[in-house]
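No value in this document is a laboratory result; all are computed from the given coordinates. This is a predicted model, so every value here is computed, not measured. Every residue, glycine among them, receives a Cβ derived from its backbone with ideal geometry; neighbour counts consider all protein chains shown.
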Amino acid sequence: MGYRNRVAIVGAGLTRFMRRAQETGKELCFEAARMALDAAGLRPRDVEAVVMATAPDVFDGVHMKGESLADGAGGFRKPYMRSFVGGGSGVFAVIHGWYHVASGHFDTVLVVAEEKMSSCLPHPQAAFNGIYDQFLERPLGVNLLWIFALEMNRYMQVHGIPLETIALVSVKNKKNGLDHPCAQEGIPGHYTVEEIVGSEVMVWPVTRLMVSPVTDAAAAVVMVSEQVAKRITDKPVWVKGVGWHLDSSYWTNRDLYYPKYVEYAARMAYDMAGITNPRREIDVVEAYDPFAYKELHHMEGLLLCDKGEAPRLLEKGITARDGELPVCPSGGLLGVGNPIAAAGLMKVAEIFWQLRGEAGARQVSRPVRTGLAQAWGDLMQVGTVVVLGV
Amino acid sequence: MNVSVHIRDYPGIPLKDRDIAEGRVLTTEWRVKARYAWDTGAALGRFFRGLKEGKIYGRWCPGCDRIVVPPRMFCEWCFRPTVRWVEVGDTGRVNTFSVSYVNWDASRSTVPRVPAVIELDGASPGMGIMHLLGEVGDTLEEILRRVKVGMPVRAVWKPPAERQGAITDILYFAPRPGGGE
């Protein structure tokens, strides 16, 4: 792949994750963006372009939300672009930031992701209804949980995975989240498998503690060209590979047991990064975990293990923070919270902090040089992958 | 506890329900008033006319030699027009299912609903539609005992006079005894 500039991430910022924030979306964006710029040692006037990720407008009831948030994200009188692939947006925005800089158009780009889900009453779940097919699906009373429960059950049935094994993802991530200062109140914690499986059945096989919460938050990263990176930091974190891929929206015509589109996104990123054996070359992973089974499903799609093998890695403790392949050391969406677009960018920020060795109590035990962040979204059909390295 | 050892303060003011209830935080409300009338289009228009007659139609793609349901006028695989209507069966098998206690607006239901993907007989393998299962029990335990992936099912239709040309003209899919394994 030909491009002009190597691209580095040089700063990251994150607000607290909250069920309901007093701040508006603009105010949350401002806080995260300022924090990222401060961390990078850059001033707002150094920023040449801004990329914004935020999920459906209908959450906020504000149409063209990207434009409304622009001022809070520092997009005033600058080239400004919104990235939107549903849940995949947070990582997709980093991909946009990458080619803004890689193309040679810009040397310094601010990437901001925001979600304020609490405004939608009585519950933002209702807003998701507008995603589904108005002829075939909405008349049946569909909701988001239905679809994921159908996918989760298919995955369990094809591989013969017990519910108790999938619950271990919640146990691990909710425990990891205890060390995250931004974690949403009441979301991280010490739980047993029995408590996870025994929590309220929402849409079987999904129980309450196997699904991430509704969250308000913002996140930001600063992406720069090599020449800027060398001037301002001794610890640049390089974007080694990016990949994205979309599958058909005829989701009932796909076999949901395996996310092929995640595999294609991963292959694209690995090819660019020169990674031929991801199982050995990736040291730390933030796989997208809005539901417990999704972390396993995505590890398989990311080619970090064979199909149906992710549960075994989990059971052996390989994906624990002190394991050989730590997955979601941040706590992930299950342990920190799920402000849709900001959750994906939080994952990129986590890999940034892990690779710089700055993650404190969350720092993984093994030495890390290469990490991966992945998100997923649209109608269970998009995979977005970023590989970072030092 | 820090996200980065270099960062100490985290912005954000979390609110409690009582902050709003007791008026400490001000909110402004707005209710969407919007109505839509969606044209069903060439493919689903015919599909829904078929449902009114108690028939399920798919489309055949000559490029991929597959019969797709839900029908579409083009094949997203080979990106050519599909060319022929094919009546498929109103029987099929459960590809996957779930048991829902949550309504579309996240309110809870005490009566479980059983969404499923059903692969219809006569369509190409893997071509499923989403619908509901019925006559499979009233409790989670009973439903999990009676419903299996791969289970044969049949459509249970509304009486002809009540059909509207909508996906809900099929009330649900019910187990089909003697459907084989």
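The table that follows gives values for the structure above.
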quantity	calculated
Dipole in debye (nearest 20) - chain B, about Cα centre, beta carbon charges: Lys, Arg +1; Asp, Glu -1	400 debye
For region B:41-175, share of DSSP beta bridges that run antiparallel, in % to the nearest 5	95 percent
Cα centroid separation - region B:11-37 against region A:322-390, whole Å	31 Å
FRET E, pair B:A166, B:F74, Förster distance 25 Å, beta-carbon r, rounded to 0.05	0.60
Tilt relative to chain B, helix B:41-52 - C-alpha long axis, 0 to 90 degrees, to 10	70 degrees
Chain lengthening between B:W157 and B:I13 when straightened (0.36 nm per residue, less Cα-Cα)	46.6 nm
Percent of Cα pairs exceeding the 39 Å cut-off, where the set is chain A	9 percent
A:R280 versus A:D38: modelled label distance in nm, points set 7 Å from Cα along the beta carbon direction	4.4 nm
Length-normalised contact order of chain A in % [C-alpha pairs under 8 Å, at least 6 apart]	26 percent
Neighbour-count ranking [beta-carbon atoms within 10 angstrom, fewest first] of A:H123, A:H96	A:H123, A:H96
Ranked A:T24, A:T215, B:T28, criterion: other C-beta atoms within 10 Å, fewest first	B:T28, A:T24, A:T215
Average other protein chain Cβ within 10 Å of Cβ, residues A:4-17	2
Sorted by Cβ density within 10 Å, fewest first, the residues B:T96, A:T233	A:T233, B:T96
Shielding score for A:256-262, defined as the mean number of other chain Cβ atoms within 10 Å	1
Centroid-to-centroid separation of region A:239-297 and region A:43-82 [C-alpha atoms, Å]	27 Å
Residue with peak Gaussian network fluctuation, chain A [Cα springs, cutoff 10 Å], from A:V222, A:V242, A:V62	A:V62
Total charge dipole magnitude, region A:303-351, about the Cα centre, Cβ charges on Lys, Arg, Asp, Glu only, Debye to nearest 20	100 debye
Listed residue pairs exceeding 20 Å between alpha carbons, taken from B:K52/B:K158; B:K33/B:K158; A:K65/A:K116; A:K294/B:K16	B:K33/B:K158; A:K294/B:K16
Region A:172-286: C-alpha gyration tensor shape, a/c 1.5 cut-off, then a/b vs b/c	oblate
Relative intensity, log₁₀ I(q)/I(0), of region B:41-175 from a Debye sum that treats every alpha carbon as a point, q = 0.12 Å⁻¹	-0.51
Relative contact order computed over chain B (Cα-Cα under 8 Å; 6+ residues apart), in percent	17 percent
Most mobile listed residue (A:L168, A:L333, A:L372) in chain A, GNM with C-alpha springs under 10 Å	A:L168
Relative contact order (percent, whole number), region A:246-322, Cα cutoff 8 Å, 6+ residue spacing	29 percent
Cα centroid separation, region B:65-87 to region A:155-227 (Å)	39 Å
Listed residues A:L379, A:L313, A:M117: farthest to the positive end of the dipole of chain A (Cβ charges)	A:L313
Ordering of A:280-293, B:63-76 by packing [mean C-beta count within 10 Å, highest first]	A:280-293, B:63-76
GNM top mover of A:A40, A:A361, A:A218 - chain A, alpha-carbon springs below 10 Å	A:A361
Cβ-derived FRET efficiency at R0 45 Å, A:R369 paired with A:F76, nearest 0.05	0.75
Mean ellipticity per residue at 222 nm, deg cm²/dmol - from DSSP H runs of n ≥ 4 across chain A, formula -39500 (n - 2.57)	-10000 deg cm²/dmol
Three-way shape label, region A:302-366, alpha-carbon gyration tensor, a/c 1.5	oblate
In nm, spacing of pseudo-spin labels at A:H105 and B:S109 (7 Å Cα→C-beta vector)	4.6 nm
Dipole magnitude (debye, nearest 20) for the protein assembly as shown, charges at Cβ of Lys, Arg, Asp, Glu	740 debye
222 nm mean residue ellipticity, helices alone, for chain B (DSSP H n ≥ 4; -39,500 (n - 2.57); rounded to 500)	-3500 deg cm²/dmol
